[in-house]
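S.K.: The following block contains the structure, expressed as structure tokens.
The values are calculated or read from the model by the stated rules, or taken from the named source; none is laboratory data. Please read all numbers here as calculations on a predicted model, not as lab measurements. Because the Cβ atoms are built from the backbone with ideal geometry, glycine has one as well, and the counts that use them run over all protein chains shown. We work out accessible area using only protein heavy atoms, side chains counted, and drop any ligands, DNA or RNA first. Shrake-Rupley method; radii C 1.70, N 1.55, O 1.52, S 1.80 Å.
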Amino acid sequence: MSMILSASVVRVRDGLPLSASTDYDQSTGVQECRKYFKMLSKKLSQLPDRCTLRTGQYNINFISSLGVSYMMLCTENYPSVLAFCFLDELQKEFITTYNMMKTNTAVRPYCFIEFDNFIQRTKQRYNNTRSLSTKMNLADMQTEIKLRPPYQISLSELGSANGFAHLSAAEYKGTGKISAAPHQRLEPVTLPGIVSFVLSLLCGALNLIRGFHAIESLLQNEGEDFSYVIAFFLGTAACLYQCYLFVYYTGWRNAKSFLTFGLICLCNMYLYELRNLWQLFFHVTVGAFSTLQIRLRRPQGKSPDYNV
């Protein structure tokens, strides 16, 4: 029989269960799938916003948005378009009922257990597919699934104890694949962020100009120290890399920004004899300000602007 068996709402960042349906099926297959639920919950932040895991007689589908994931277990023959429409309905109701502050600060498992009432009602409607299909535009849902199909998770990607092995996240574009490096969108740029970006470019340009002057001086005077040229160009590279970290998301982004700031400080310490205190203060302050703005501009949560 084609049907939805259970559903749950989970926080993405740590896998904390926020709500779940009351399930009565205690068969071995369903119990095994609940283990997959827990394993998936630990790695939601590393997965695309729409996925399917096929486990023989059952399928696990989930969507993630704004730090919350909506998961469901259904039989293998349950229509995929209806499964994701069910999840989308749960998502819209949960976002309407609870604000992000509550979900982010929740500390107890199942603290929104009252949401189970809505899950049960919706599950009953979607399990009666004959009457449901007459009220929905299946063509639109099928088109959406075809244009942006869910990522197919294989059982081989699940570890026996530690969940997923070496599965990294990426910006998901509906291709059914996950690339090796994460490239998430960042939050919108703020005015302080723009100022830090411009100042970093300015510091990089100043270092570059001084570097070329140091080369010119080196060619004219054999006694000049070539290490000053290296320090100026390293400072230029560090400033430009801070601009890159501000604009693009990369792995270990915060750690890279601190290391880059450390390089800026070291370069300016070495150039102490060629710069006055105000110049040193300006370069170090700009480096610190840019590091702070990189830290504050975080990856953007997945938006709920899809219609499945």
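S.K.: Which value, in Å² rounded to 10, gives the accessible area of Asp49 with a 1.4 Å probe and all protein chains present?
M.R.: 20
S.K.: Would you mind giving the three semi-axes, in whole Å and largest first, of the ellipsoid equivalent to the stretch 1-111 according to its Cα gyration tensor?
M.R.: Value: 22, 15, 13 Å, ordered largest first.
S.K.: Using alpha carbon centroids, what distance separates the stretch 69-100 and the stretch 196-254, in Å?
M.R.: Comparing the Cα centres of the stretch 69-100 and the stretch 196-254, I get a distance of 51 Å.
S.K.: Less than 15 Å Cβ to Cβ from Gln242, Lys/Arg counted +1 and Asp/Glu -1: what total charge do the surrounding residues give?
M.R.: Taking every other residue near Gln242 into account, the sum is +4.
S.K.: Compactness ratio of the stretch 54-115: Cα Rg over 2.2 N^0.38 Å, N = residue count?
M.R.: Normalised Rg, Cα atoms only: 1.26.
S.K.: Do you know the relative contact order of the stretch 27-102, to the nearest whole percent, from alpha carbon pairs under 8 angstrom that are 6+ apart?
M.R.: 21
S.K.: Then there is this: Ranked by accessible surface with a 1.4 Å probe, highest first, in what order do Met100, Met39, Met3 come?
M.R.: Met100, Met3, Met39
S.K.: Please give the peptides 235-243, 282-290, 120-128, 213-221 ranked by average Cβ packing (other Cβ atoms within 10 Å per residue), highest first, as a rough proxy for protection.
M.R.: Put in order of decreasing packing, that is 235-243, 282-290, 120-128, 213-221.
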